[in-house]
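To keep things clear, I will list the structure first and then write my remarks on it.
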Amino acid sequence: MIFHSTYSKPVLLVGNGVRSANAVDMVHEFARKTNIPVLTTMNGVDLAQDHLHIGFIGTHGNRIANMILNECDLIVSVGARLGIRQVGRYTDNFAPKAELARCDIDEYELSRNIKENEKKFQTDARDFMRMLLSETDSDYSDWKNQCMEAKRILDHYDKQPGNHAVEKIGSLLPPNPIVSVDVGMHQCWCAQSLVLKGDKGRIHISGGYGTMGCGLPFAIGSSVALGNMITYCITGDGGFQMNIQELETVKREKLPVKIFILNNKVLGKISETQHLEHDDRFANTTALGGYSVPDFQKIAKAYGIRAAALSSYKELDHYCDWLKDDKPCLFDILLPEDSLLTPKILFETSQIRPELDDQTITHVKKILEK
């Protein structure tokens, strides 16, 4: 038995293994039944959308999700690998007040100990969720309300222009869309801030593969698989150039793929590392370091695809009709070159940077500690 009366602040942590086991509906059923807060991994961000959305955990995870981990008393992890980017280098700092129950089909993953005396279940996620549904009728509404109250406070922090752009895109999409995400800064912005309407939409993320250029092929494959359905691709200026020739496939096959390029004209994640850790010695990541960006609007038009160059994501409001019709389109959305990824957990200390003011931190902790 996993749940018992001594737990008052549990969380359900779900990863992409839940989808592989076809257990998404059972996660949603359990969340509705118990009102347990649901957190996700980056690869599983689309498992808890709309009213279930709180955030994902880890290095670039939402601040609220990582703070909830610090205050919860039980983590039930289902189909989540719990790798170093999720639990940190020193696992003693991971959820220090919580006991851990892990469900994973992979014996190798369970061979690693995250916590002492953790409970391990090598089983299919669907069978495990069936067990959870039969085990408890507890209601954790009070704890979830505390989490959501803290989330509302922290929603005002850690926002970069890329986060705002992703939020704008999400607000314009229909319920249950199919979205593909490339690799780069925008991948983290999407994991943090892309909230879909409905609970059946998909966000295709390559995760640990780090496959720059995957966004457009993902969107093409999704559209073809679903009978030339509208799909949405959010990519960066670097990733998009990896498979830019696939615009010909989009045009030739008449696929209604809607492409959003978040264009800060740098290879963001690498240039950020070069900025923070290598004294601004930029190599092949910025204009001064040997990296350049073409005119994406002209390239799209050369392929016969409608395109617009936007100086701000706010201009997307003028193109709502483009997002609904059966034709492809491309938006080249300009972002500041000095855009950063925030927040970030430091491997060495498990501190979340940038640090917030003491008053806000104290306020949020008091809410979660009630």
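The values are calculated or read from the model by the stated rules, or taken from the named source; none is laboratory data. Every value quoted in this text rests on a predicted model; they were computed, and no experiment measured them. Reconstructed Cβ throughout: ideal geometry from the backbone, glycine too, with neighbour counts over all protein chains shown.
What to note about this one:
- Only strands (runs of 3 or more DSSP E) whose full extent lies in the range 80-197 are considered here, and the ones with at least 1 residues that are touching a His at 6+ places or on another chain (Cβ under 9 Å) and either of a type in the set (Ser, Thr, Tyr) or closer than 30 Å to ILE244 by Cα (or both) are 178-181.
Residue by residue, here is whether (1) among the charged types (D, E, K, R); (2) surrounded by fewer than 20 Cβ atoms within 10 Å (Cβ to Cβ); (3) in contact (Cβ under 8 Å) with a residue 60 or more places away in the chain; (4) closer than 25 Å to LEU226 by Cα holds:
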site	(1), (2), (3), (4)
ARG152	yes, yes, no, no
HIS156	no, yes, no, no
HIS164	no, yes, yes, no
LEU172	no, yes, yes, yes
ASN176	no, yes, no, yes
VAL181	no, no, no, yes
TRP189	no, no, yes, no
GLN192	no, no, yes, no
LYS200	yes, yes, no, yes
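- Residues that are touching a residue at least 40 places away in the same chain (Cβ under 8 Å) and either in the same structural domain as THR40 (by TED's automatic domain parsing) or farther than 23 Å from ARG81 by Cβ (or both), drawn from the range 202-222: LEU216, ALA219, SER222
- In the range 314-331, the qualifying residues are those that are in a loop (DSSP other than H, G, I, E, B) and among the charged types (D, E, K, R), and the one that is surrounded by the most Cβ atoms within 10 Å (Cβ to Cβ) is LYS327.
- Scanning the range 231-250 for residues that are more than 21 Å from the chain's Cα centre (by Cα) and within 30 Å of PRO336 (Cα to Cα) gives GLN241, MET242, ASN243, ILE244, GLN245, GLU246, LEU247, GLU248, VAL250.
- Condition met for GLN187 (closer than 21 Å to VAL257 by Cα and either out of contact with any Pro (no Cβ under 6 Å at 6 or more places or on another chain) or at pLDDT 95 or above (or both)): yes
- In the condition set (1) among the small types (Gly, Ala, Ser); (2) outside any strand (DSSP E or B); (3) at pLDDT 95 or above; (4) in contact with a helix residue (DSSP H, G or I) (Cβ under 9 Å, 6 or more places away or on another chain), GLY227 is compliant with all but (4).
- Criterion: surrounded by fewer than 19 Cβ atoms within 10 Å (Cβ to Cβ), of a type in the set (Asp, Glu) and touching a Ser or Thr at 6+ places or on another chain (Cβ under 7 Å) - qualifying residue of ASP73, ASP106: ASP73
- Answer from ALA165, ALA125, ALA98 - the residue that is farther than 20 Å from HIS28 by Cα, at pLDDT 95 or above and assigned by TED's automatic domain parsing to the domain that holds MET26: ALA98
- Selection within the range 340-366: residues that are in contact with a Pro (Cβ under 8 Å, 6 or more places away or on another chain) and not in a loop (DSSP other than H, G, I, E, B). The member of this set that is farthest from GLY162 (Cα to Cα) is ILE352.
- The residues on offer are SER5, SER20, and the sole one that is hydroxyl-bearing (Ser, Thr, Tyr) and touching a residue at least 60 places away in the same chain (Cβ under 8 Å) is SER20.
- Qualifying residue in the range 299-313 (condition: in a helix (DSSP H, G or I), more than 30 Å from GLN86 (Cβ to Cβ), in the same structural domain as SER193 (by TED's automatic domain parsing) and not hydrophobic (A, V, I, L, M, F, W, C)): yes
- Condition met for SER311 (within 27 Å of the chain's Cα centre (by Cα) and surrounded by fewer than 18 Cβ atoms within 10 Å (Cβ to Cβ)): yes
- Within the range 330-370, considering residues that are of a type in the set (Lys, Arg) and free of Cβ contacts under 8 Å to residues at least 24 places away in the same chain, the one nearest to CYS190 (Cα to Cα): ARG353
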